[in-house]
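The structure appears right after this line, and notes come after that.
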Amino acid sequence: MRKRQVMVTTVVVSLLVGATLAARTEDPPRDVELASPSVEANDAPIVDEIAFAGLRRISPQAVRMQIASRAGERFDDQRIARDVRALAKLGWFAAIRVSVEVADRLPGQPEPAPQHVRLVFDLQENLFLTGVEYSGSRLLSQEQIAKLVAEKKLTPKLGEPENLVTVQQIGRAIRTALAGLGHPESRVEIRRVQTANATVRVRFEIADGPHLPVSRVTFEGDPEVSAKLLQRQMRRINLGALFGSLQGKNSYTREAFEGDRERLLAYYENHGYPEVRIGDAQVSKYAESSQRWIPWPRKTMDVRLAVGIPIEAGPMYRVESVRTSEDLAQAVTAAHKSPTASTEALPGRPYSARTVENLRRAWQARAQPKARRNQEANFFNVEAIRTLDPNSRSVRILLDRNPTPPYMVGRLEFRGIHHFPDRYFRSRILLKEGAPFDDRLLEAGLARLARTGYFKPIKKEDIHVKTDEVSHTADVTIRVEELGQQRAFLTGGHGQFGSTLGIAYTVFNLLDREELLSSHIEGGPECMQLALGFAKEGFLGSRGSLALSAFNTFLRPRLSGSVKGPFFKQESEGVNAAWNYALTNTDTFSIKYDLSHANTQYSPALSTGVASGVTGGVTGGVTGLTASGVGTQTSSHAAGLGWTRDTGDERITLADSVSGGWLGGSESVVRSKAEWARVAPDPIFHHEDSWAFRTSFSGAGSYSGQLPAYARLFAGDDFVRGLRPGELGPDAVVSSVSPGGEAKYSATPAGADLVGAANAEYRMHLAAGTEATGFFDVGSGALLLNWLGPSRPTLADSTNQIVHASMGVQLNWMVPGVGVPIRVYYAINVLRLNRWLPMPDGSLFHVHDRFSALGWGLGSLF
């Protein structure tokens, strides 16, 4: 046998807490010692055997699968160091020692022959974890701690080697959670109970500590901005927030402060202070007396926290000039595009990093060539070169073409995927492998993912971009956290017949075709709808999406007037198909087709006045007379086209549809809608506040036969706030019979077939999800008799085409976890209907709108 001598290379890893945390990185732990091998590198020994010593429960084969070294290969000390790091990351071992045994040369063996060595991994296993307990906390229950640990992906695995890193991280997560509840001095002690069979039970003994809420936030140094305004920028530590104590916004944690510090820095940099510096928060305790009444009146001294934030704002800078280079101007001209956002409005205004970045991106988007071919060679970046002049406190900005070629996307990887296929993310993230790296496309793709609601918000730390200067490529890694393929959420809105509230349930990718299945029920006092839907994006491999749905709708509108409704009851059922095609990132073209069948029951009052002759003029409709009025059955086959442009702050919608004719069905109606809405930040008072404008027109008319009453527009506060449904339109004269047999005449809304309105709002941000609005609405509704068909109601002409206007205030609050805003408004009708109308019997009837109204609604008006 060949004699071997030991001690050539030794690697020792002592996995204490600090070393274990370091071992999770790609760099070796600080206390790892790599001795220089006595074997010369030129000798290149051959590894005859790799052995593992000290294993008790873990099989040698399981360890061998974790290392790269193999028997029969050349000795490589760097590879061994990587193997040690790989084993340390597993968390299986408390200590790792690698020894190299070198064999003596056999007699007669030539001197140049390579030596042979034997690697021995001496491993000290961590004890196997058999149980975990949490005790001592009055604020966090066992279930809450287990859920917290699961959300952090730190759930300890029983029956496997104890991972000391995970144990320490669980302790830190519990302390952080208690700090978020106002207990920053909590303690977590880890007790380990070992048994003779190499197992261990871990017990977390938790002490909540005293409740220390934050009651005072001060800004020290030279902030240059009022404390009240700075406090409004803070979201995590916000003493003035509505129900702030219930949301943990009066608690101090390091993570919460870092988030608020970023918001404060952004505010300063966007309001003329590019040289601002914000230091670490200074937290101190102080005593404050308070009056308690339960169980008896007494004064107590409470200990609270005071948070001081040092701020040095520096001088305020204003924009002196904004110029574009000749190369950039030529690139825009070559792309056959006009110059984008004007640079003339910036000089003289306070410097804003966000405004400059938006301007840079706008010029970059406009400067790119239209041709999609050779995009890699033609794409380039635009940079904003900022020059600060401390003497004049001014900023000069130069927009220029970046001479450095853009990075190319080398690899695009998504981590954390469990239920969604990889192609789902790649089809929504506009970045493509092999294409130029464009941060605008990345942000747009992430926004599309966020709107789906199937993932937790993707933060900056979830995105990792690794650049390679040699190949000039960028590898993008995005970590996502799925919320699940199934969603149940509340829905709501405001329509023609009041507010509605509902619930929707969706399942995504059940058939592994990236399809969306949904069920939806929504209703209010006057309507209800049931629907089942199927949607598929990327239909037939295109940029279009297909949606199919089956619905059942019930209507019982109660209009204003002296005659009480409901004036008609309608039950309709049918199916529709819609195909949407994204022309650009902001423009969408849509085609839809509807098949429906409606059963409408009209009240006697409506059939004798408002809807005079509506049943007789519907081509192909089935009409019947019942004790409760006139009933009709109609079918509608409708096809429509639409176009939408949505840029985020501006939205334009055009939609038209037609039914009947060669499409079939008993209804022959043309419907049309046009709407424009825009939201613009307030450039004068406060950038977070905004102006909002909307102009909308809707119309419906019959080109053959009678226009059904249910097809008319009974517009109200969905166009002009302060009006009831149907008041934005003319009134019709209706008759009723008194108990004494006398005929009585009155007026009630007849609906409109053409409605137009304009709205203006000033929106003031109050807190997260809450804003106050001042508004002015103006609109008018007309019932054009030529659009109705052969039979027409008896209109009060003086009420047709009346201009209505209202003004008032509105409070919007976004319901947390629901995503549906609640609107409460108070409106004064400055232009309203207030007239006495002569009736056929010679009497006068007073038709008037309310002078003021307090109303509410679900969903935003626009």
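The values are calculated or read from the model by the stated rules, or taken from the named source; none is laboratory data. What you are looking at is a predicted structure, and each value in this text was computed from that prediction instead of being measured. Methodologically, a virtual Cβ is constructed for each residue, glycine included, from the backbone with ideal geometry; neighbour enumeration extends over all protein chains shown. Calculation scope for accessible area: heavy atoms of the full protein, side chains included, ligands and nucleic acids excluded. Shrake-Rupley method; radii C 1.70, N 1.55, O 1.52, S 1.80 Å.
Data table
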read-out: Where a label projected 7 Å from the Cα of V803 along Cα→Cβ would reach, residues of the range 727-770 with amide N under 14 Å; value: 756-759
read-out: Estimated FRET transfer efficiency (E73, V679; beta-carbon r; R0 60 Å; 0.05); value: 0.35
read-out: 37 °C / 0.692 mPa s Stokes-Einstein diffusion coefficient of the range 704-755, Kirkwood radius on C-alpha pairs, µm²/s; value: 261 µm²/s
read-out: Accessible-area ranking of Y424, Y710, largest first, probe 1.4 Å; value: Y710, Y424
read-out: In the range 741-773, the GluC sites (Glu not before Pro) that fall in loop regions by DSSP, at most 14 other Cβ within 10 Å; value: E742
read-out: Net lengthening on full extension, Q282/R835 (0.36 nm per residue, minus Cα-Cα); value: 192.3 nm
read-out: Estimated FRET transfer efficiency (V824, E688; beta-carbon r; R0 22 Å; 0.05); value: 0.55
read-out: Over 23 Å between alpha carbons, listed pairs K153/K456; K89/K147; K432/K592; K152/K456; K153/K432; K153/K285; value: K89/K147; K432/K592; K153/K432; K153/K285
read-out: Cα→Cβ-extended label distance, 7 Å offset, between Q247 and E742, nm; value: 6.1 nm
read-out: DSSP-assigned coil residues among GluC sites (Glu not before Pro) in the range 380-478, each with at most 15 further Cβ atoms within 10 Å; value: E433, E469
read-out: Segment A639-L844, extension gain: residue separation times 0.36 nm, minus the distance between their alpha carbons; value: 69.3 nm
read-out: Inter-label distance for T695 and E205, nm, one decimal - labels placed 7 Å from Cα along Cα-to-Cβ; value: 7.5 nm
